[in-house]
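Step one of this worksheet: look at the structure below.
The values are calculated or read from the model by the stated rules, or taken from the named source; none is laboratory data. Predicted, not measured: the structure shown is a model, and the values here were computed from it. Cβ placement follows ideal geometry from the backbone for every residue including glycine, while neighbour counts extend to all protein chains displayed. To get the accessible areas, we keep the full protein, side chains included, count just its heavy atoms, and leave off ligands, DNA and RNA. Shrake-Rupley method; radii C 1.70, N 1.55, O 1.52, S 1.80 Å.
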Amino acid sequence: MPTMRRVHLTQFLIERQRDKKLINADLRLLIETIARACKAISTRVNKGALGDGLGGAATRNVHGEVQKKLDVLSNEILLEANEWGGNLAALASEEMENPRPIPTRYPRGEYLLLFDPLDGSSNIDVNISVGTIFSVLRCPKLADGRDCDPDEKAFLQPGRSQVAAGFAVYGPTTVLVLTVGDGTHAFTLDRESFTFVLTHGDIRIPQDTEEFAINTSNMRRWEPPVKRYIDECLAGSDGPRGKDFNMRWVASMVADVFRVLSRGGIFMYPRDSKNKDGRLRLMYEANPMALIVEQAGGAATDGRAPILDLQPKGLHQRVAVILGSRNEVERVTSYHK
Ligand code: F6P
Ligand code: MN
């Protein structure tokens, strides 16, 4: 039997650059650099209690959340890796209050990078999957044709404008999920060659599902449409849906979304009476995940409109998220109308 040809991330990206003309050399280099940073973070996460990454960092981020040492470290790894490549105008991180323009000692490029350096970081100390989420935008030229000014305003583009989005999951294996606009593809980190190998080409999310993911401890605070949807799922074969549902909640969005990509499902972090705008961040979490899910044939809304059509008002804005198998997402969204 002939051995299967392995497609590595580099080859996958070269094909998108040379044959499909979907990305240019700068964007390819940017994605490769992010992937390299994810490998470094994966190594640190894997050290667990043998490294010095577990536990709190004695600092709070811009959202007032206590940072973990690995939050801070992952942020530094991503900043360090991406500053000098010449392909970025600025970076923004969930862990930093303001965007960071590329230092003037390096050349400036045309892209903007946003990331959640370590998603699900409350799970680090208990050895449950965490990850990195990223989003790439083009820095818009100014009205008078001058080069883009990479201030906060430059970042406030609807998710539809993303030119690439992806996430890494640091789980039993490290997986990198990526879209550059021609579907959603995933790569597994081969620990021997330390390269990402294409293992899940053109992922398709099943349209229907019998599995939901939501933090039910917030149930008493949900709005009626979400309460109705979950009540109907819980009623199972005796209720209006006429079938039983299963529930999963990892509390790491990267792991929950990877499960949805792998076997379908619906993932929800709705707004509630405590989190009035939802809990997840539009720019660092919802937008990249929405693009990845739509590119895999799924849907993503805030209950009212597609996430990707929302006009952002602030870099750290929160948003309600309902994403996954198309028919279920459309059902919940219709309950809101
Ligand atoms: O980044 C926010 C996050 O950690 C997500 O990864 C996850 O889906 C969610 O928060 C978990 O929220 P909760 O602590 O309410 O379960
Ligand atoms: Mn997060």
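Laid out as a table, the results:
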quantity: Where Ile266 falls short, out of the listed (1) open to solvent by 40 Å² or more (accessible area, probe 1.4 Å); (2) away from ligand 2 (no atom under 16 Å from the Cβ); (3) in contact (Cβ under 8 Å) with a residue 60 or more places away in the chain; (4) of a type in the set (A, V, I, L, M, F, W, C); calculated: (1)
quantity: Breaking point among (1) out of contact with any helix residue (DSSP H, G or I) (no Cβ under 6 Å at 6 or more places or on another chain); (2) away from ligand 1 (no atom under 16 Å from the Cβ); (3) open to solvent by less than 30 Å² (accessible area, probe 1.4 Å), for Met96; calculated: (2)
quantity: Residue match in the stretch 136-157 (condition: out of contact with any Lys or Arg (no Cβ under 8 Å at 6 or more places or on another chain), farther than 21 Å from Ala286 by Cβ and either hydroxyl-bearing (Ser, Thr, Tyr) or within 16 Å of ligand 2 (Cβ to nearest atom) (or both)); calculated: no
quantity: Single condition Arg105 does not satisfy, out of (1) surrounded by fewer than 24 Cβ atoms within 10 Å (Cβ to Cβ); (2) over 19 Å from the mean Cα position of the chain (by Cα); (3) within 22 Å of Glu152 (Cβ to Cβ); (4) not acidic (Asp, Glu); calculated: (3)
quantity: Strands (runs of 3 or more DSSP E) completely within the stretch 62-121 that count 3 or more residues being free of Cβ contacts under 8 Å to residues at least 60 places away in the same chain; calculated: 66-68
quantity: Hits in the stretch 140-188 (condition: not in a loop (DSSP other than H, G, I, E, B) and not hydrophobic (A, V, I, L, M, F, W, C)); calculated: Glu152, Lys153, Gly159, Arg160, Ser161, Gly166, Tyr170, Thr174, Thr179, His185, Thr188
quantity: Of all residues making up the stretch 235-258, the number that are buried (at least 16 other Cβ atoms within 10 Å of the Cβ), more than 16 Å from ligand 2 (Cβ to nearest atom) and under 12 Å from Phe212 (Cα atoms); calculated: 1
quantity: So Asn75, is it modelled with pLDDT under 95, open to solvent by less than 20 Å² (accessible area, probe 1.4 Å) and either within 16 Å of ligand 2 (Cβ to nearest atom) or not assigned by TED's automatic domain parsing to the domain that holds Asp151 (or both); calculated: no
quantity: Pairs where the first residue, in the stretch 201-213, is without any contact (Cβ under 8 Å) to a residue 40 or more places away in the chain and the second is open to solvent by 20 Å² or more (accessible area, probe 1.4 Å), C-beta under 7 Å, 6+ apart; calculated: Glu210/Lys243; Glu210/Asp244; Glu210/Phe245; Glu210/Asn246
quantity: Residue pairs meeting the criteria (Cβ under 7 Å; at least 6 apart or on separate chains; first of a type in the set (Phe, Trp, Tyr), in the stretch 273-291; second within 11 Å of ligand 2 (Cβ to nearest atom)); calculated: Tyr284/Glu94; Tyr284/Phe115; Tyr284/Asp116; Tyr284/Ile133
quantity: Pair list, Cβ under 9 Å, 6 or more apart: the stretch 304-321 residue without any contact (Cβ under 8 Å) to a residue 24 or more places away in the chain, other residue in a strand (DSSP E or B) and open to solvent by less than 50 Å² (accessible area, probe 1.4 Å); calculated: Pro306/Ala299; Pro306/Ala300
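Residue-by-condition table, conditions (1) part of a helix (DSSP H, G or I); (2) surrounded by 21 or more Cβ atoms within 10 Å (Cβ to Cβ); (3) within 16 Å of ligand 2 (Cβ to nearest atom); (4) under 13 Å from the mean Cα position of the chain (by Cα):
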| site | (1), (2), (3), (4) |
| --- | --- |
| Lys274 | no, no, no, no |
| Tyr284 | yes, yes, yes, yes |
| Asn287 | yes, yes, yes, yes |
| Ala290 | yes, yes, yes, yes |
| Gly297 | no, no, no, no |
| Gly303 | no, yes, no, no |
| Lys313 | no, no, no, no |
| His316 | no, no, yes, no |
